[in-house]
Amino acid sequence: MTSSTQFLDAIPYLGSGLGYRREIGSRILDAGDRVDVLEVVTEQFIQAEDELAALVDRFPVIPHGVGLSIGTAGPLDREYLRSVKRVSDITGAPYYSEHLAVTRAPGIDIGHLSPVWFTNEVLRAVIDNVHAVQDFLGKPLVLENISYLFDIPNATMTQAEFFHRLVDATGCGLLLDVANVNVNAQNHRFDPVEFLDSMPLHAVVQIHMAGGFWSDGIYFDGHSEPMDEATWQLLDVLLERVPIRISIVERDANFPDELTPLLDDVDRIRRAISAVRAPVMAPPH
Ligand SMILES: [Fe+2]
């Protein structure tokens, strides 16, 4: 696959939707056309291909993995990749998304998303990994910015520079988690708008929106609360700069009895995205 972003340019507008979670699965299916698109966590469907196929019959579905560990140097886990490809193929999605993160050191599963070390050496390894994954899956990889509690010391470049060089070298896309930008800005006291402007926004394909919570002076990306106003404002800032093709509301806990608050958020994001799009690009209902 080439390193230009021409493959990203071909990704269609799929609209505003939700992260599929089994706890609220039947309520999502009942939501009808208030949900344009679903995102599924790849690992939850590796053993559930029929269930995935049934979702694909109802909605456009984007697969989103958590276990690739693109930041780990060395060969990728081929057996895992084969499972990912089966899920990716069933969805028929125009891209595959993951995190710019480390979840695995050789022989050890770290168990959560850890930041990569922003150095030339790690960049070279990630570039190789992204090329390998894109070639294997036959579609672009779209990588998400994660939240992090600690910077890894002695980095030789910023996260934004790392993303720029990665996009330039591989043609991969960006899944911009707007909530994570807000969380990191609060915890590390930087200006989130300056951060957005430093990122390769031309490669943004999809966004995540979610709500977190404060505990002991730290803002956690809990995916468990309503979105805060700063995240909404950041969405508006982003939309002034770049069109968004897919938006997903992430909720992993504190599911409401009725989906109404989540669906209201999905609607609000759709309206915000549509307001800055040409009228011909209406949601695909
Ligand atoms: Fe996210």
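The values are calculated or read from the model by the stated rules, or taken from the named source; none is laboratory data. Bear in mind the structure is a predicted one, so any value in this text is a computation, not a measurement. Note: ideal-geometry Cβ built from the backbone for every residue, glycine included; neighbour counts use all protein chains shown.
Here are some residues: ASP197, ASP236, ASP221. Which one is within 14 Å of the ligand (Cβ to nearest atom) and touching a residue at least 24 places away in the same chain (Cβ under 8 Å)? Lay out the reasoning, then the answer.
Working: ASP197 fails: within 14 Å of the ligand (Cβ to nearest atom); ASP236 fails: within 14 Å of the ligand (Cβ to nearest atom).
Only one candidate passes the filter, namely ASP221.
Quick check on the range 112-119. Is at least one of its residues in a loop (DSSP other than H, G, I, E, B), away from the ligand (no atom under 15 Å from the Cβ), modelled with pLDDT of 95 or more and closer than 25 Å to ILE244 by Cβ? Taking every residue of the range 112-119 in turn, none turns out to be in a loop (DSSP other than H, G, I, E, B), away from the ligand (no atom under 15 Å from the Cβ), modelled with pLDDT of 95 or more and closer than 25 Å to ILE244 by Cβ. For the range 51-60, the condition holds for no residue, the condition being that it is hydrophobic (A, V, I, L, M, F, W, C), buried (at least 17 other Cβ atoms within 10 Å of the Cβ) and under 30 Å from GLU121 (Cα atoms). Being at pLDDT 95 or above and among the charged types (D, E, K, R), is that true of even one residue in the range 192-214? Looking through the range 192-214, at least one residue is at pLDDT 95 or above and among the charged types (D, E, K, R).
Out of curiosity, is ASP257 under 18 Å from ILE62 (Cβ atoms) and at pLDDT below 95? So ASP257 fails the test.
Tallying residues that are part of a helix (DSSP H, G or I), under 22 Å from ILE269 (Cα atoms) and out of contact with any helix residue (DSSP H, G or I) (no Cβ under 7 Å at 6 or more places or on another chain) within the range 27-54 yields 5. Restricting attention to the range 134-159, the residues that are hydrophobic (A, V, I, L, M, F, W, C) and under 16 Å from the mean Cα position of the chain (by Cα) add up to 4.
For the range 239-254, the candidate set comprises residues that are surrounded by fewer than 18 Cβ atoms within 10 Å (Cβ to Cβ) and more than 23 Å from ASP197 (Cβ to Cβ); within that set, the residue that is nearest to the ligand (Cβ to nearest atom) is ASP252.
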